[in-house]
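I have placed the structure first, in the form of structure tokens, so that the comments after it can refer back to it.
The values are calculated or read from the model by the stated rules, or taken from the named source; none is laboratory data. A quick note: this is a predicted structure, and the numbers were derived from the prediction, not measured. Using ideal geometry, Cβ is built from the backbone for each residue, glycine included, and neighbour counts are taken over all protein chains shown. We work out accessible area using only protein heavy atoms, side chains counted, and drop any ligands, DNA or RNA first. Shrake-Rupley method; radii C 1.70, N 1.55, O 1.52, S 1.80 Å.
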Amino acid sequence: MKKGKTFTVKGTLTRADWETTKYSGYTGQPVALQFKAKGATAYKTVKTVTSGSKGALTTTVKAFTDGSYRYSFAGTTTTGAATATGDYVDVK
């Protein structure tokens, strides 16, 4: 990824639907986009997005340094917290 280039980070927030016994999108929920720079030990929240239709998560960020991005959902009273595995971005 070229330094300064804007790219899109996508994901989907789902939860179990006990009536259909399947997973379905969880809409209208705040989800943190987190970043961990190469060599760092912890992720930091860079922005919060709201899950859209069918739980879609989409936002854009600018590439500034090597590191990993992930989405993290804090949970609600009816749905547990969940954190995705980080995806690494190599910035040139």
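Against the condition in contact with a helix residue (DSSP H, G or I) (Cβ under 9 Å, 6 or more places away or on another chain) and open to solvent by 70 Å² or more (accessible area, probe 1.4 Å), how does Thr12 come out, does it pass?
Answer is yes for this residue.
Just one of (1) at pLDDT 95 or above; (2) open to solvent by less than 80 Å² (accessible area, probe 1.4 Å); (3) closer than 30 Å to Lys92 by Cβ trips up Ser51, so point out which.
In the conditions (1) at pLDDT 95 or above; (2) open to solvent by less than 80 Å² (accessible area, probe 1.4 Å); (3) closer than 30 Å to Lys92 by Cβ, Ser51 misses (3) alone.
Listed here are the residues, each with its yes/no results for (1) of a type in the set (S, T, N, Q); (2) touching a residue at least 12 places away in the same chain (Cβ under 8 Å).
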{"residue": "Lys10", "(1), (2)": "no, yes"}
{"residue": "Gly28", "(1), (2)": "no, yes"}
{"residue": "Phe35", "(1), (2)": "no, yes"}
{"residue": "Thr41", "(1), (2)": "yes, no"}
{"residue": "Ser51", "(1), (2)": "yes, yes"}
{"residue": "Thr58", "(1), (2)": "yes, yes"}
{"residue": "Thr65", "(1), (2)": "yes, yes"}
{"residue": "Tyr69", "(1), (2)": "no, yes"}
{"residue": "Thr77", "(1), (2)": "yes, no"}
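With respect to Thr21, determine if the residue is more than 10 Å from the chain's Cα centre (by Cα), open to solvent by 40 Å² or more (accessible area, probe 1.4 Å) and among the hydroxyl-bearing types (Ser, Thr, Tyr).
yes
Tell me yes or no: at least one residue of segment 17-27 is part of a strand (DSSP E or B) and hydrophobic (A, V, I, L, M, F, W, C).
No, because not a single residue in segment 17-27 is part of a strand (DSSP E or B) and hydrophobic (A, V, I, L, M, F, W, C).
Residue check: is Tyr71 open to solvent by less than 60 Å² (accessible area, probe 1.4 Å), at negative phi, under 10 Å from the mean Cα position of the chain (by Cα) and aromatic (Phe, Trp, Tyr)?
Criteria met by Tyr71.
Take segment 1-16 and flag every residue that is hydrophobic (A, V, I, L, M, F, W, C) and assigned to a strand (DSSP E or B).
If the condition is that a residue be hydrophobic (A, V, I, L, M, F, W, C) and assigned to a strand (DSSP E or B), then Phe7, Val9, Ala16 are the ones that fit.
Could you check segment 24-48 and list, in sequence order, the residues that are under 11 Å from the mean Cα position of the chain (by Cα) and open to solvent by 40 Å² or more (accessible area, probe 1.4 Å)?
Pro30, Thr45, Val46, Lys47, Thr48, listed by residue number.
Which one of the conditions (1) surrounded by 12 or more Cβ atoms within 10 Å (Cβ to Cβ); (2) under 27 Å from Gly4 (Cβ atoms) does Tyr88 fail to meet, given that it meets all the rest?
Unmet condition: (1).
I'd like the residue in segment 54-68 that is outside any strand (DSSP E or B) and within 18 Å of Gln29 (Cα to Cα) and, out of all such residues, is most open to solvent (accessible area, probe 1.4 Å). Break it down into steps so the answer makes sense when it comes.
Here is the first cut: in segment 54-68, the residues outside any strand (DSSP E or B) are 54-55, 63-66.
Then drop every residue that is not within 18 Å of Gln29 (Cα to Cα), which leaves 54-55.
Numbers: Lys54: 163, Gly55: 0 Å².
Out of the qualifying residues, it is Lys54.
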